[in-house]
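Undergrad: What follows is a single structure, and I will ask about it in a moment.
Read the figures in this text as sums done on the coordinates, not as results from a lab. These numbers were taken from a predicted model, which means no experiment stands behind them. Here the Cβ is made from the backbone with ideal geometry for all residues, glycine too, and neighbour counts use every protein chain on show.
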Amino acid sequence: MRITKDKYEENHERIVAIASEMFRERGFDGVGVAELMERAGLTHGGFYNHFRSKEDLIAEAIAKGFGETVERYAGHDALSVIALYISRQHRDARGQGCPAAALSCEAARQNDETRSAFAEGVEHLVRTFEDEIAGSYPPRTSSRALTLSLFAQAVGAIVLSRACPDESPLANEFLDACLSNCGEIMRNASER
């Protein structure tokens with residue numbers, strides 16, 4: 001039975017959305033095609049009507065995850081973005097969180113196509129935050145360097161906090177210390 005182009009696109013988007021969430025929750029190797037397609041309500045064989053390989057799906061799922069992250073923080077000022085990113089809610093919502101915090105270590109071990117898709121996603125997110133920071137701080141402040149530094153700190157805090165047992169003092173301490181330090185860095189940048 002043939003499906004309409006609209007239904008095909010709807011199925012494709014559903015597969016990518018589910019994969020994006022599952023990859024962020026469990027990693028690339030923690031998600032099998034059969035389970036993914038079952039969760040999407042489609043047959044395992046139908047996967048190859050949409051993707052040549054799992055790697056092709058991974059690239060699209062990464063782009064979707066970064067797009068969701070950009071949308072989530074759109075319209076917030078720089079300090080609010082930092083506070084939302086370095087939060088217990090972000091830490092605890094792995095499947096809905098930023099792919100950089102969920103998949104950086106795994107992406108580093110993937111093929112060039114996956115690493116390129118990941119780098120494009122990071123660049124898109126950094127440019128979005130950089131524009132906000134550039135509009136909020138004096139022109140003599142390097143908004144690019146400041147954004148990269150803050151982003152690296154924020155991702156690291158989420159990664160390390162997630163690696164600790166849930167609600168352990170150390171898990172929360174990583175978030176609290178990083179949030180405080182990032183706020184101080186931004187206040188100092190605005191006073192230059």
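Undergrad: Provide the net charge surrounding R26, with neighbours chosen by a C-beta distance below 11 Å and charges set as Lys +1, Arg +1, Asp -1, Glu -1.
TA: -3
Undergrad: Still on this model: How high is the relative contact order of the chain, given as a whole-number percent (alpha carbon pairs under 8 Å, six or more residues apart)?
TA: Contact order relative to length: 22 percent.
Undergrad: Using the per-residue mean of other Cβ atoms lying within 10 Å as a proxy for protection, in what order, highest first, do the peptides 21-27, 60-66 fall?
TA: 60-66, 21-27
Undergrad: Filter the DSSP H helices in the chain by two things, a Kyte-Doolittle mean of at least -1.0 and an axial alpha-carbon span of 27 angstrom or more, and list the hits by number.
TA: Those that pass (Cα extent of 27 Å or more, hydropathy at least -1.0) are 54-73, 112-136, 143-163, 169-191.
Undergrad: Here is a further query. Mind checking the dipole of the stretch 85-147: about its Cα centre, +1 per Lys or Arg Cβ, -1 per Asp or Glu Cβ, Debye to the nearest 20?
TA: 280 debye
Undergrad: What does the charge add up to near S180, with Lys and Arg as +1, Asp and Glu as -1, over the other residues with Cβ less than 15 Å from its Cβ?
TA: Value of the local net charge: -1.
Undergrad: Additional query: Using only helices, what value at 222 nm comes out for the chain when you add -39,500 (n - 2.57) per DSSP H run of length 4 or more and divide by the total residues, to the nearest 500 deg cm²/dmol?
TA: -24000 deg cm²/dmol
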